[in-house]
Amino acid sequence: MTFEEFARAQLPAVVALATVLTGQPATAEDLTQEVLIRAHARWDRIGGLDRPDLYVRKMVVNEFLSWRRRSWRLVPAGDTNLSMGTVPDHAAGLADTAGMLAEIAKLPARQCAVLVLRYYEDLSDAEIADLMGCAPGTVRAAASRALAALRVTMAPEQPGEPALTQHVQGHI
Amino acid sequence: MRTEDDIRRAFRDLARQAPDTATVLANVLAGERPRRAGQPAPVRDRRRVWVRLAAPLGAVAAVTGLAVATVALAAARHEPGQPISSRLLASVPRYYVMLVQGRRGTEDAVIRNTVTGATISTIRPPKPFFAFRSVTAAADDRTFVLAASPLARGPLITEFFLARFSPGKRSVTLSLLPIPEINSYSGYLFGLALAPDGTQVAVDMQVIRKGAAGPSQIRIYSLPSGTVRVWQADGSTTLGVYSPPLSWADDGALAFGWSGSNAGGIRVLNTNSAGGSLIARSRRVVADHLPGGLSSVGSTGTLSTNGRLLTVPVYAIGSRTGNEFQQFSVATGRKIRVLWPVPFDAPVDVAIWSNSSGSVLVVAAPPTRNGTSHNSVFGVLSGDHFVKIPGLPVSSVGATFVAF
């Protein structure tokens, strides 16, 4: 597979993955560009792999984690001050989409990446572990912590009750 | 599962904001690295990208070079169409399902990539079923309900399957739903709609009683339990609910076409209500004959996923000047805008998917508005742009055979 064939078939999915990871289309554009320039330079080797798309996804995730370590990531769109205590049932889910994205953005980078790979890319824990270079148990722990944090922060706030914080978070 | 579902929905919404891949590819091939922290943001001038591309492209493979050049040049000239095609295709669900003729005469379902048209997975009806007859999709672009029938003498039987597609594994899990079969002694199935969250399915049918057509019903079944709520037309009618597809918005509104006298048009049912009278529990948003008697509304309406806008194909019957899509406010019934007006003989058929605001639609319409083509094709419509969706045939296959 040539680089051009790969780009034509896979670029939309790669850019979408970067967008979900970073929370910002402009940042995703830069991240994808950075990754693909490196992939392009090494395409002789990458293009010969069984699944070059998985390899490039791995590069995207690693680049995202690297950018987060450099604190270069922009704050994603989303109002973190949304009222979450009064809107009932289904409507709450809609109203909270932006809030959910804002809360996910607050998670440690690896937890965020695990959520994206699990719930957007629909990868299994084993596949995520392979892609992120860690054990499946580590992936499960990260997902569990991230979900616990989100359940706490996205839960309806009871009047007079102090807001719960993200004490359940942890790095993997 | 609530938090996980919210996460999936949030990620899906975010993915639809993904930037134009043509720009990324052009910059990559030009070797242009993104700016680093502290550096001033570059001016994203597509004309400059084109100039920078001119030399390197000479050495790039001809096909790709031509494609990138076309994109960049079109952008520089502000030509509509090509530069935004990938962006438009990426702004609708990533996968769609279409029913196709299988190799052994079966009616299979295929899952395709919306951008490339590539078939990712094929679902064959499990024995003794022979044909999938209708399909509907949830909002996550990977949960579907399929209506299937066996090849057998006697009454036509239809049962329902839940299909869950895993893009990572390229696999589909198919499971029979706990929903009573519909057979030709009990009723006719007209249309289906899966709730956006994939937990309920609406069935649009006409009941058969003592061998004769009975009242029309919309039944909503819970997928996990099979429990049902029923809305039924008052009295008996042979007209009833007609013409799929139904359209289900995130707020629980369900749009359906209705041909009953004095109340015909597109109505919206509140699916959060208890069952009961279909007419009393629903509200007409658009009449089947618009003011002036010049236009007849088509039998289908598509809700924006936020439930605020209804998109309807409108046919001019008096002036023979053309047809078009019109968008109406669900709250007031007022016409908001006209989309894609075309000459009368060029058909606009149906809108089968809408984004949250109604600004991006999947429709069947002529690919151009110049009147030279009388075939309508499925494509993404946004503003003045229409981009054909790869892999979908002309709309004569019917909207119930495709689901986004």
_Links that overshoot a 32 Å alpha carbon limit, given the list A:106/B:169; B:127/B:388; B:127/B:169_ = B:127/B:388
_Cα-projected label distance for residue B:289 with residue B:118, points at 7 Å along beta-carbon direction, nm_ = 5.2 nm
*What FRET efficiency do you get for residue B:188 and residue B:359 if R0 is 45 Å and r is their Cβ-Cβ distance, rounded to the nearest 0.05?*
0.80
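What is the fewest-to-most order of B:268, B:203 by other Cβ atoms lying within 10 Å of their Cβ? Don't skip to the answer; put the middle values down first.
Numbers: B:268 22, B:203 27.
Ascending number of Cβ neighbours within 10 Å: B:268, B:203.
Since every read-out is calculated from the coordinates, none of them should be taken as a lab result. What you are looking at is a predicted structure, and each value in this text was computed from that prediction instead of being measured. For neighbour counting, all protein chains shown are included, and Cβ atoms are generated from backbone atoms with ideal geometry for every residue, glycine included.
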